[in-house]
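To start, the structure itself, in structure tokens.
The values are calculated or read from the model by the stated rules, or taken from the named source; none is laboratory data. Fair warning: this is a prediction, and the values are worked out from it, not measured in the lab. Reconstructed Cβ throughout: ideal geometry from the backbone, glycine too, with neighbour counts over all protein chains shown.
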Amino acid sequence: MNELIIEKTQNTPGVNFNPSDGILEIGGRSIPENPNDFYHPLLDWINQYFKDPRDFTVLKIKLEYINSGSSRFMLTLLRTVKQCYNKGHDCRVDWYYEEEDESILDLGKHFYETTKLPFDFKVI
């Protein structure tokens, strides 16, 4: 399985999903014109990855801003990770936020409450 690397733009986050070390990173602003077009390749990749994942997978999310359309897809992505976690795969979400950015922290807390995945909140 190949890495999924997408360069960060002003409207879309950078993506670096590495199947060899189990580190899946998303970072930047997520305000794509069409969230479906941006997030579906990520969801497809994650579904493929979890057919044969590493022993431990960490999803590192470092968002600067996310709109509501992207937020729905992010929740879908986290629910996909949760399905594998429920099957016994060891997974964790590292949710990064700036200390003064309560909206990103609150969104992470909402995703945690919704999915009950192991979350580690980290101040940048």
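Determine the pairs where a residue that is under 17 Å from L43 (Cβ atoms), located within the stretch 80-107, has a partner that is part of a helix (DSSP H, G or I) and at pLDDT 95 or above with Cβ atoms under 6 Å apart, the partner being 6 or more residues away or on another chain.
Every condition considered, the pairs that remain are T80/I46; K82/T115; C91/V81; C91/Y85.
Residue-wise test of (1) farther than 15 Å from I104 by Cα; (2) assigned to a helix (DSSP H, G or I); (3) of a type in the set (V, I, T).
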residue: N2; (1), (2), (3): yes, no, no
residue: T9; (1), (2), (3): yes, no, yes
residue: T12; (1), (2), (3): yes, no, yes
residue: D21; (1), (2), (3): yes, no, no
residue: P32; (1), (2), (3): yes, no, no
residue: D37; (1), (2), (3): yes, yes, no
residue: W45; (1), (2), (3): yes, yes, no
residue: K62; (1), (2), (3): no, no, no
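Give just the number: which of (1) farther than 24 Å from N36 by Cα; (2) surrounded by fewer than 13 Cβ atoms within 10 Å (Cβ to Cβ); (3) out of contact with any strand residue (DSSP E or B) (no Cβ under 7 Å at 6 or more places or on another chain) does S103 not satisfy?
Status for S103: all satisfied but (1).
Go through the stretch 64-115 and give me each residue that's of a type in the set (S, T, N, Q) and assigned to a loop (DSSP other than H, G, I, E, B).
N67
Look through the stretch 108-120, keep the residues that are exposed (fewer than 14 other Cβ atoms within 10 Å of the Cβ) and in contact (Cβ under 8 Å) with a residue 24 or more places away in the chain, and return whichever of them is farthest from T9 (Cα to Cα).
Going through the qualifying residues, I end up with K116.
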